[in-house]
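As structure tokens, the structure follows; a few thoughts come after it.
The values are calculated or read from the model by the stated rules, or taken from the named source; none is laboratory data. Just so we're clear, the structure is a prediction, and the values are computed from it rather than from any experiment. Counting neighbours? That spans all protein chains shown, and the Cβs are built from the backbone with ideal geometry, glycine included. Note: areas computed on protein heavy atoms with side chains; ligands, DNA, RNA excluded. Shrake-Rupley method; radii C 1.70, N 1.55, O 1.52, S 1.80 Å.
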Amino acid sequence: MNDIIVKDKKSNSDEMKISERLQWGYNVKTHWILSFFRILLGLSLLFAGVSHLTFARAEFVAQVPNWVPVPDDLTVLLSGFAEILLGLALLVLPGWKALTGWVVAIFFVIIFPGNIAQYMNQIDAFGLDTDRARLIRLFFQPVLVAWALWSTGAYNAFKNRNINTIVRKK
């Protein structure tokens with residue numbers, strides 16, 4: 001298998017595989033409490049993903065902003081599949097939990113405009129039937145981002161990475 005090779009910014013002569021550059025995010029050790037919250041987040045994403053595809057599909061379709069260039073139902077299906085995959089990754093790929101944590105956090109940022117559109121367009125869904133309830137929901141999204149980064153050890157792993165300890169390609 002051919003790995004993608006990138007130049008190391010510290011040295012023009014050294015090349016590194018992408019997989020080598022991401023080693024800081026592999027096998028990160030975390031406390032059992034963080035593992036509990038990672039598993040809880042994974043199960044929550046699985047539930048949300050399944051609900052996108054089944055019993056809550058209509059409510060999710062109603063929340064898709066008008067400016068999304070993909071049909072509403074397809075948007076809901078794709079985001080549901082993404083949530084299922086991310087939830088499964090949090091549950092069954094504990095060795096890669098730090099990198100998965102970053103991907104989940106980025107996913108939560110990407111879908112945030114949908115929450116803003118729900119507030120701005122006063123769309124009722126999931127019991128959020130007042131402007132106040134929809135506004136409070138907006139403040140929960142950063143909590144989800146923080147939860148993903150904290151429970152997986154992603155933020156600390158990235159912060160403590162040391163580019164000098166990465167094995168370089170010869």
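For region 120-158, which positions are at pLDDT below 95 and closer than 16 Å to Ile39 by Cα? Within region 120-158, Gly153, Ala154 qualify. Within region 99-119, if we keep just the residues that are modelled with pLDDT of 95 or more and open to solvent by less than 30 Å² (accessible area, probe 1.4 Å), the residue that is nearest to Lys159 (Cα to Cα) turns out to be Gly101.
Within region 73-87, the residues that satisfy the criterion of being under 12 Å from the mean Cα position of the chain (by Cα) and not polar (S, T, N, Q) are Ala82, Glu83, Ile84, Leu85, Leu86, Gly87.
Of all the residues in region 47-65, those that are without any contact (Cβ under 8 Å) to a residue 12 or more places away in the chain and assigned to a loop (DSSP other than H, G, I, E, B) number 2.
If you check Ile123, Ile110, Ile136 for being outside any helix (DSSP H, G or I) and out of contact with any Gly (no Cβ under 6 Å at 6 or more places or on another chain), only one passes: Ile123. Against the criterion of being at pLDDT 50 or above, under 17 Å from Val103 (Cβ atoms) and touching a helix residue (DSSP H, G or I) at 6+ places or on another chain (Cβ under 6 Å), Arg38 qualifies.
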